[in-house]
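Chemist: I have a structure I would like to understand better, so I am pasting it below and will then ask my questions one at a time.
The values are calculated or read from the model by the stated rules, or taken from the named source; none is laboratory data. Remember, predicted model here, so these are calculated numbers, not experimental data. Quick reminder, even Gly has a Cβ in these numbers, built from the backbone with ideal geometry, and neighbours come from all protein chains shown.
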Amino acid sequence: MPEKTMRDAINEALHQAMAEDDSVFVIGEDVAGCNGSPSGKVGEVGGVFGVTSGLYKAFGPDRCIDTPISESAIVGAAAGAALVGMRPVAEIMFADFIGVCMDQIVNQMGKFRYMFGGKSRCPAVIRFASGGGFSAAGQHSQSMYQVMTSFPGLKVVIPSNAYDAKGLLLQAIRDDDPVLFFEPKALYQEACEVPDEMYTLPFGEAAFVREGDDVTVVAFGQMVNRAAAAIDALEADGISCDLIDPRTSSPLDEDAILESVEATGRLVVVDESPPRCGLTADIAALAADRAFHALKAPVKQVSAPHSPTPFSPELEAAYIPDVEKIKTTIKEVLA
Amino acid sequence: MNLSRDQLLRAYRQMKTIREFEERAHAEIMNGQIAGFTHLYTGQEANAVGVCEHLDHQDTIISTHRGHGHCIAKGADVIGMMKELWGSAEGLCKGKGGSMHVADIEKGILGANGIVAGGPPISVGSALAAKIRKNGRVAVSFSGDGSVNQGTCFEAMNLAVVLKVPAVFVIENNYYSEHTNISYAVGCDDLKARTEGFGFPVFVADGADFFSVYDAAGKAIEHARSGNGPAGVFAETGRFHGHFVGDPQYYRADGELDDLRENSCCLKNFRARVDGGGVVSAEELDAIDAEVMALIDEAVSAARAAARPTAEQVTEDVYIQYGSA
Ligand SMILES: Cc1ncc(C[n+]2csc(CCOP(=O)(O)OP(=O)(O)O)c2C)c(N)n1
Ligand SMILES: [Mg+2]
């Protein structure tokens, strides 16, 4: 099977979804690029991360749509088009920019169906590049998915590898509910085997990245690889862990997590977001609430601290959980 | 226009300092010395300086992602800024913010800003405070041709008119927002007229010419300072680098960059304008060039040697005080 980067896997999914279904279109800032420019090279950019590359050339200006810098209008336009039967895939460059378009996501798109008594559908997908690792500081490094998970009505997807990204995005596009799709930008260049053909992965079904007996480790997005590296390193000490990647935080595969905790009796939850009201706290609470009887040690959370993301490379390295921190924490729950 | 000898020398020095700061930052980024996303202001220096030469440290500015020039023009410490780009604990923002968040509140620099059009509403707040306190200060926000399409910018402009506050909106049209041309992203044919539609006067400037910007900004700032409500400056300009360092710039026409550097250089234009006028000599400007180069060298050496931040500092400065004292 061919290896593809996460960037290419997502790009392939977009090409295939647009070829398959005329109602799918892409909208966002510079998703084509060079519109109005003297070079005439419209479509040459394909998004600042290159994820929408080639879509303009393949599908033209009606289906690969550049916008002014207007995030509220981009999300609103996607939501409105979806409400009348299209399947838009909007790009909001950096997840941090949710700050600008929160109302359209949370109060509009995410609540239509409920407020309208189940009489509407809003099959829009909003894609974001999320997370740290680039010294991009406080306004270009946040995950944001942990915040968005708290809003009923929105589905939240966080792929951790290229294979999952393709299958989850195709599911997101076919899904009839609004989906927020967070692409950890540190993983765009990471490659793995990805089939050429279309396939979908169901929402609410976790992946078991490692299987073991001693500790259950749950990790999201960028942290999945780091947790796997920590677990692999601990094998030498005779420690084995389940590593669960929920892949979607809403819906959340609670059963997978609870079954694993029942078996291991120990839980470490890893995410790169700050800890308060985040995914690590959410899953720790799930275990305390529903698997307390099985726990042999306190549940531990590995997260960023309660602070914005710092610019300086050293500070950012200290901010985002690393393999060492995950290893130490796994050992702690076994002590 | 009546500019004293000192004012002329100072304006030139400011523009040259910005130019060399940016060109050196570019080189150091290419050498892998500076991390993160950096957007260079080279080519647009006359805009920042032409505006800020009318301000003192009591007036405020708020900048954008392309903020180095505005900050230097408003008096930010160049060495502290270079240290900040290096991510040092001695940087102007202790290495917490980097290029996109350079700020110095004491000097009225309310920050560069990573969110496009994050600044204008904040600037209206600074202007509102000036109005309430009747202290004669003005608040300037810088925007690009792309940033003016953001709802926050529209809201800020309208609110400033409604509240009749001394806010000055400076729009630098460098023709591109990232990879998109203004002719696509601004739907109407006349951005100046659109801006005036909010209900304040907008003064037009040639952003490659310090004297033109100084003149237009003078009128706008005078209008706001005298209690007539907001005003705008609309300057046509060009950036000599890509949107960010490493941008392949597919949007440029053939020869566009050469043409900009050749024909839209504010430093060349300044020299041509003062040459032979008998007020400042070419030798004096050459001497300033040498001093600026030395300052930038000093800044880079200082940044290289400056203390690195430590892990404990990650959680400092999140709050002034968190929990009970
Ligand atoms: C809310 C938000 N949307 C998008 C971006 C990404 N972005 C950064 S700069 C920029 C273009 C800004 O163009 P303009 O206002 O013309 O300023 P210039 O870069 O030309 O100085 C964009 C889209 C951002 N930082 N914030
Ligand atoms: Mg611009």
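Chemist: In the range B:29-61, how many are within 14 Å of chain A (Cβ to nearest Cβ) and either assigned to a helix (DSSP H, G or I) or under 12 Å from the mean Cα position of the chain (by Cα) (or both)?
Modeler: Matching residues across the range B:29-61 total 2.
Chemist: Now for a separate question. Scan the range A:138-159 and tell me whether some residue there is over 17 Å from the mean Cα position of the chain (by Cα), farther than 25 Å from A:A191 by Cα and within 14 Å of another protein chain (Cβ to nearest Cβ).
Modeler: yes
Chemist: If you go through the range B:143-174, how many residues are more than 21 Å from B:A224 (Cα to Cα) and surrounded by 21 or more Cβ atoms within 10 Å (Cβ to Cβ)?
Modeler: 7
Chemist: Any residue that is buried (at least 24 other Cβ atoms within 10 Å of the Cβ), outside any loop (DSSP other than H, G, I, E, B) and within 16 Å of ligand 2 (Cβ to nearest atom) - is there at least one of those in the range A:26-43?
Modeler: no
Chemist: Can you pull out the helices (runs of 4 or more DSSP H) entirely within the range A:109-198 that have at least 2 residues that are assigned by TED's automatic domain parsing to the domain that holds A:R247?
Modeler: none
Chemist: Checking A:F128 against (1) more than 14 Å from ligand 1 (Cβ to nearest atom); (2) away from every other protein chain (no Cβ under 14 Å); (3) crowded, with 24+ Cβ neighbours inside 10 Å: exactly one of these is not met. Which one?
Modeler: Result: A:F128 passes all but (1).
Chemist: Please verify whether B:G151 is under 19 Å from the mean Cα position of the chain (by Cα), at pLDDT 95 or above and within 16 Å of ligand 1 (Cβ to nearest atom), treating the condition exactly as stated. Outline the logic, then answer.
Modeler: Details: under 19 Å from the mean Cα position of the chain (by Cα): no; at pLDDT 95 or above: yes; within 16 Å of ligand 1 (Cβ to nearest atom): yes.
Considered against the rule, which asks whether it is under 19 Å from the mean Cα position of the chain (by Cα), at pLDDT 95 or above and within 16 Å of ligand 1 (Cβ to nearest atom), B:G151 comes out as no.
Chemist: Hey, any hits in the range B:162-169 for a residue that's touching a Cys at 6+ places or on another chain (Cβ under 9 Å), modelled with pLDDT of 95 or more and hydrophobic (A, V, I, L, M, F, W, C)? Walk me through how you get there before you give the answer.
Modeler: Step one: of the range B:162-169, the residues touching a Cys at 6+ places or on another chain (Cβ under 9 Å) are B:169.
The next check asks that each one be modelled with pLDDT of 95 or more; those that pass are B:169.
Of the ones still in play, those that are also hydrophobic (A, V, I, L, M, F, W, C) are B:169.
Yes: the range B:162-169 contains one or more residues that are touching a Cys at 6+ places or on another chain (Cβ under 9 Å), modelled with pLDDT of 95 or more and hydrophobic (A, V, I, L, M, F, W, C).
Chemist: Since B:G95 meets every condition but one in (1) touching a helix residue (DSSP H, G or I) at 6+ places or on another chain (Cβ under 8 Å); (2) within 16 Å of ligand 1 (Cβ to nearest atom); (3) of a type outside the set (A, V, I, L, M); (4) under 30 Å from B:A311 (Cβ atoms), which condition does it not meet?
Modeler: Of (1) touching a helix residue (DSSP H, G or I) at 6+ places or on another chain (Cβ under 8 Å); (2) within 16 Å of ligand 1 (Cβ to nearest atom); (3) of a type outside the set (A, V, I, L, M); (4) under 30 Å from B:A311 (Cβ atoms), only one is false for B:G95: (2).
Chemist: I would also like to ask the following. Quick one: A:D96 ticks every box in (1) among the charged types (D, E, K, R); (2) within 14 Å of ligand 1 (Cβ to nearest atom); (3) surrounded by fewer than 22 Cβ atoms within 10 Å (Cβ to Cβ) bar one, so which box is it?
Modeler: (3)
Chemist: Look through the range A:23-48, keep the residues that are free of Cβ contacts under 8 Å to residues at least 40 places away in the same chain and more than 7 Å from every other protein chain (Cβ to nearest Cβ), and return whichever of them is nearest to the chain's Cα centre (by Cα).
Modeler: A:G46
Chemist: With the requirement that a residue be away from every other protein chain (no Cβ under 14 Å) and either over 20 Å from the mean Cα position of the chain (by Cα) or closer than 24 Å to B:I182 by Cα (or both), what does the range B:240-273 give you? If you could, list the steps in order and put the result at the bottom.
Modeler: Step one: of the range B:240-273, the residues away from every other protein chain (no Cβ under 14 Å) are B:240-241, B:261-273.
Passing the criteria: B:F240, B:H241, B:R261, B:E262, B:N263, B:S264, B:C265, B:C266, B:R271, B:A272, B:R273.
Chemist: Just checking, does the range A:69-87 include any residue being part of a loop (DSSP other than H, G, I, E, B), in contact (Cβ under 8 Å) with a residue 12 or more places away in the chain and surrounded by fewer than 23 Cβ atoms within 10 Å (Cβ to Cβ)?
Modeler: yes
Chemist: In addition: Please count how many residues of the range A:199-226 are assigned to a strand (DSSP E or B), out of contact with any Lys or Arg (no Cβ under 9 Å at 6 or more places or on another chain) and surrounded by fewer than 24 Cβ atoms within 10 Å (Cβ to Cβ).
Modeler: 3
Chemist: Could you grab me the full set of residues in the range A:245-273 that are touching a Lys or Arg at 6+ places or on another chain (Cβ under 8 Å), buried (at least 24 other Cβ atoms within 10 Å of the Cβ) and in a loop (DSSP other than H, G, I, E, B)?
Modeler: Of everything in the range A:245-273, just one residue is touching a Lys or Arg at 6+ places or on another chain (Cβ under 8 Å), buried (at least 24 other Cβ atoms within 10 Å of the Cβ) and in a loop (DSSP other than H, G, I, E, B), namely A:R266.
Chemist: How many residues, within the range A:274-305, are in contact (Cβ under 8 Å) with a residue 12 or more places away in the chain and farther than 21 Å from A:A186 by Cα?
Modeler: Selection size over the range A:274-305: 18.
Chemist: While we're on this one: Cβ-Cβ distance below 8 Å, separation of 6 or more or different chains: which pairs start in the range B:126-152 with a residue that is in contact (Cβ under 8 Å) with a residue 12 or more places away in the chain and end on one that is among the acidic types (D, E) and in a helix (DSSP H, G or I)?
Modeler: Note: pairs meeting the criteria are B:Q150/A:E71.
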